[in-house]
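Each reported figure results from applying straightforward, stated rules to the coordinates on display, with no laboratory input. Quick caveat, the model's predicted, so the values are computed rather than measured. No Cβ is skipped: glycine too gets one built from the backbone with ideal geometry, and neighbour counts run over all protein chains shown.
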Amino acid sequence: MVYAVIFDLDGLLTDTERLHCMAYRNVLESHGIHIEDADYYDHWTRQGKEIGSFVAERGLDIDAEVIREEKRELYRGMLRENVPVIDGAGEALGGLCGRFPLALASASYKPDVDIILDKTGWGEYFSAVVTGSHVTKRKPDPECFVLASALLGRAPSLCAAIDDSERGINPALKIGMKTVWVPNRHTAEDKPEAYTVRIESLRELTPELVESLFMPEA
């Protein structure tokens, strides 16, 4: 049986969640609104919400679309300068590619993902790339995982989802995927509903580990 592996991007392969945070903080600050890093990581990273709900929940007198566009421009400028890669990401992708079909399932929009794949050269590893531009509902909805597994020609039960946060682990779990939780410093306190295995570094993500996810329990 050939299994498949589906990777998250921000916070897992690249330390770009930090750039998203910086971009939103800078743009909001320019409009006279101060937020802490913790505010960003709770609203955007853990809950998977958008700027529109952030503005509404806080009763802010600003145009969410203006903030979104200014943030997007600033963030993409940051990416063009440098894509911060998380330790072990390239090695994990290279080690699994060829052994399993790989897909990317990211909540980020296609132009952002395209910049990252171009800068890192990782595009060659993925047989399918699903972004927030390809779905009607982003994580924590499972739509991106459903689409990624379909593009790989595998049932969800034959796929392993690799993610750093509960926003990704929970929806993958709900559709029957094996899940590997690789928390970072911002998501270590997340509380996924469950997961198949937790590892502390992508350097632990070997072909043998992936195979073991699908082994029947003794």
Subject >> Directionally averaged projected area (convex hull, Cα atoms, the chain), nm² >> reply: 11.6
**OP:** Taking the Cα centre of region 22-62 as origin, work out the dipole magnitude from +1 charges on Lys and Arg Cβ and -1 charges on Asp and Glu Cβ, in debye rounded to 20.
**Re:** 100
**OP:** Mind sorting Lys49, Lys71 by how few other Cβ atoms lie within 10 Å of their own Cβ, fewest first?
**Re:** Lys49, Lys71
Subject >> Descending semi-axes in Å of region 17-81, equivalent ellipsoid built from Cα gyration tensor >> reply: 17, 14, 10
**OP:** Can you tell me which of 183-191, 22-30 comes out highest on packing, and rank the rest after it, using the mean Cβ neighbours within 10 Å?
**Re:** 22-30, 183-191
Original post:
Points 7 angstrom from Cα along the Cβ direction at Glu65 and Ser53: gap in nanometres?
Top reply: 2.1
**OP:** Please order Phe126, Phe214 by the number of other Cβ within 10 Å, starting at the fewest.
**Re:** Phe214, Phe126
**OP:** In whole angstrom, note down how far apart the Cα centers of region 11-79 and region 97-135 are.
**Re:** 22
Subject >> Residue-span extension gain [Arg99 to Asn26] - 0.36 nm each, minus C-alpha spacing >> reply: 22.1 nm
Original post:
Counting Lys and Arg as +1 and Asp and Glu as -1, what is the net charge of the other residues whose Cβ lies under 12 Å from the Cβ of Arg80?
Top reply: -3
